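Trainee: First, the structure itself, so that you have it in front of you.
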Amino acid sequence: TVTPGLSRKLGLIRKRSSSSLEDFFSYLIIIDFESTCWKDGKSRYPPEIIEFPAVLLNTSSGEIEVEFHTYVQPQEHPILSGFCTELTGIKQSQVEAGVPLAICLSQFSRWICRIQQEKGIAFIKDTSPSCAKELRPCAFVTWSDWDLGVCLHYECKRKQLRKADVLNSWIDLRATYKSFYNRKPHGLNGALQDVGIVFSGREHSGLDDARNTARLAWRMINDGCKMRVTKSLDRVSGQW
C-alpha cells in the first residue's frame, strides 16, 4: 500500500486548492454493472446486465446517502456460466429471482425521480458556477465507458428498450484518474491502493465496486480534482 507521504512524493496527491473547495457537482451517482460473461471472453452471446447497482455520493460530506440495487434476469442467455458465477459471486437463483431489464429500468427511473425530489438534485447541461449555486447538480460516474456506453447502450438497442436520457452522459473516473494523477491505474483496486485506500467488500460485486468507486471519487475531489462530464451519447464531441 502506498502511504499518503509516498503518494505525494510520487505526485499522486495534489493539495486541494481554494478554487476547488466548491465542486460543481453536489452529488454523483456511481454505477457499476455486472453482466453475463464467459471464460477468456469467448462467447457468441453479447453481455447482459445481471446486477444493477447505483450509489448516491454527497460531494460535500463524502457520504453515500442512498443506494439502488437489484439483480436482473438475462433473457438472451438465461443460464449463467460457471466462470460468471465464480467471478461475480452472483448465483443462478439470484438472477432468476431478479427482474427483466425493462422493469429494472422502470424501477431505476422511479428511484431517480424520488431522489431528485427528496434531495433537490438536477441533471443539467448548464455548468456555469452561478447555476451551481442555485441548484444541486448531479452527474453519473462509471469506471470506464463500458457500463453506460457499451453494455447498457447496446443491450437496450438489441431489446428495443427505452432508458432514461440522463443515462446518456457520465464521468469516466478511470480516464479522469489517469489525467489528474498522471498515471495509468491498474484496475479499480490498483487505483485505490495507489491513493492509500483498501478495497472494502468483494471485487466484481457490482454494489461493492460502486461503493469503492465512490470512495475513490471522494478522495480525488479532496485532492483537488474537479469532476467534469467526459462522455455524452447525445453529442458527438463527448462534452457538454
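The values are calculated or read from the model by the stated rules, or taken from the named source; none is laboratory data. Just so we're clear, the structure is a prediction, and the values are computed from it rather than from any experiment. Heavy atoms of the whole protein, side chains included, go into the accessibility calculation; ligands, DNA and RNA do not. Shrake-Rupley method; radii C 1.70, N 1.55, O 1.52, S 1.80 Å.
Trainee: List the aspartates and glutamates whose Cα lies under 16 Å from the Cα of LYS159, skipping any in the same chain that are fewer than 8 positions away.
Mentor: Within reach: GLU48, GLU76.
Trainee: In addition: Which values, in whole Å and largest first, are the semi-axes of the equivalent ellipsoid of the stretch 155-240 obtained as the square root of 5 times each eigenvalue of the Cα gyration tensor?
Mentor: 26, 18, 10
Trainee: With the cut-off at 1.5 for a/c, could you classify the stretch 50-178 from its C-alpha gyration tensor as rounded, prolate or oblate?
Mentor: prolate
Trainee: Could you state how much accessible area HIS204 has, in square angstrom rounded to the nearest 10, with a 1.4 Å probe and all protein chains kept in place?
Mentor: 80 Å²
Trainee: Rounded, prolate or oblate: which fits the stretch 184-233, taking a ≥ b ≥ c as square roots of the Cα gyration tensor eigenvalues, rounded meaning a/c under 1.5, else prolate when a/b beats b/c?
Mentor: Because a/c hits 1.5 or more and a/b fails to exceed b/c, the stretch 184-233 counts as oblate.
Trainee: If you don't mind, there's one more thing I want to ask. Sort GLU86, GLU34 from largest to smallest accessible area, using a 1.4 Å probe on the heavy atoms of the protein chains.
Mentor: Sorted descending by solvent-accessible area, the residues read GLU86, GLU34.
Trainee: Of the cross-linked pairs LYS119/LYS178; LYS163/LYS184; LYS119/LYS163, which ones have a Cα-Cα span greater than 27 Å in the structure shown?
Mentor: Numbers: LYS119/LYS178 31 Å; LYS163/LYS184 32 Å; LYS119/LYS163 22 Å.
Beyond 27 Å between Cα atoms: LYS119/LYS178; LYS163/LYS184.
Trainee: Here's something else I'd like to know. Of the beta bridges DSSP finds with both residues in the stretch 51-185, what % are antiparallel, to the nearest 5? Could you put the intermediate results ahead of the total?
Mentor: Details: 7 of 13 bridges.
So the antiparallel bridges in the stretch 51-185 amount to around 55 percent.
Trainee: Sticking with this one: Rounded, prolate or oblate, given the Cα gyration tensor of the stretch 60-113, with a/c below 1.5 counting as rounded?
Mentor: Since a/c reaches 1.5 but b/c is at least a/b, the shape of the stretch 60-113 is classed as oblate.
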